[in-house]
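The values are calculated or read from the model by the stated rules, or taken from the named source; none is laboratory data. Owing to the predicted nature of the structure, the values given are computational and were not obtained by experimental measurement. Here the Cβ positions follow ideal geometry from the backbone for every residue, glycine too, while neighbour counts run over all protein chains shown. In case anyone asks, the SASA skips ligands and DNA or RNA and just uses the protein heavy atoms, side chains included. Shrake-Rupley method; radii C 1.70, N 1.55, O 1.52, S 1.80 Å.
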Amino acid sequence: MSVEVLECQREKNAGRRRPSCRATRWGLASGWVGMLALLVVPAWAQQAASSALVGAASSAALVVDNPYGLSALWAGSDWVAKAVLLIMAVMSMGSWFILVTKSLEQSRVLRQAREVNDGFWAAGSVQQAASGLTSGSPFRFIAEVSVQAAGRHEGLLGRIDLNTWITMSIQRAVERVQSRLQNGLAFLATVGSTAPFVGLFGTVWGIYHALTAIGVAGQASIDKVAGPVGEALIMTAIGLAVAVPAVLGYNWLVRRNKMVMDEVRAFGADLHAVLLAQGPQPS
């Protein structure tokens, strides 16, 4: 190819041109284009191949499960660690159940207190007003107990002053309402005070077994230590996650209980004054 090109160059300088020289030039240009194509195409192919490899690697990373987590902790733990996890699970479920149910109960009592203030004192008698209250309402319970106490003021009980007798009856009814409202709060207090220590016990137990297994295997590299010890520390985190809502819920429910009992005691005091004004009631 190079000899023919030189001959074509000599003929061009001499003023003569052959048709084959033009074809030679076209062939030479095609050769350069082919060489450039060979250089460029592999670069694009290499870039596409590398992009495909990166995408495949990222997809594989998404598919691979995390070897350190709650599932690995449960699978690799003994019966003591599993018992600790189950105890904390029961504590958490019980705390949330009590928190939700007591909140609904307190909201219902506060709504009933508003109903009492709106219509109870407009009735003709305490018996009539009590029958108009919602069944199961603490206000209806106190009203019925006080009416029964006023009607039973006879015999040996008649020797007690009516004021003292009605006061005692209403006070006992209010205390029973308060006791019912406080049901479950002791469980929240117990969970809030003991759950961190239960989780800490699980952590100590897990670290002990992890270090024992590492010592038996004879491998103390960071990848062998970080996994089991980190899984054991999850126990402490779970204990705190159980205790914090229980403590916050306990304080919140105690504060709302105080609001509810203020309404109940105010109703009892007003009812006491009304019953004294009515005098002894027939049984």
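Some notes on this structure:
- Top-ranked residue of the stretch 214-267 - restricted to ones that are of a type in the set (S, T, N, Q), open to solvent by less than 80 Å² (accessible area, probe 1.4 Å) and in a helix (DSSP H, G or I), ranked as modelled with the highest pLDDT: 257
- Verdict on residue 88 being under 30 Å from residue 242 (Cβ atoms), open to solvent by 80 Å² or more (accessible area, probe 1.4 Å) and at pLDDT 90 or above: no
- Residue match in the stretch 103-110 (condition: loosely packed, with under 12 Cβ neighbours inside 10 Å, more than 30 Å from residue 273 (Cβ to Cβ) and at pLDDT below 70): no
- Some residue of the stretch 115-125 being aliphatic (A, V, I, L, M), modelled with pLDDT under 85 and either open to solvent by 40 Å² or more (accessible area, probe 1.4 Å) or touching a helix residue (DSSP H, G or I) at 6+ places or on another chain (Cβ under 9 Å) (or both): yes
- Counted residues, the stretch 126-140 - those being open to solvent by less than 30 Å² (accessible area, probe 1.4 Å) and over 21 Å from residue 110 (Cβ atoms): 1
- Search result, residues across the stretch 141-187 that are at pLDDT 90 or above, open to solvent by 50 Å² or more (accessible area, probe 1.4 Å) and in a helix (DSSP H, G or I): 141, 171, 172, 175, 176, 178, 179, 180, 186, 187
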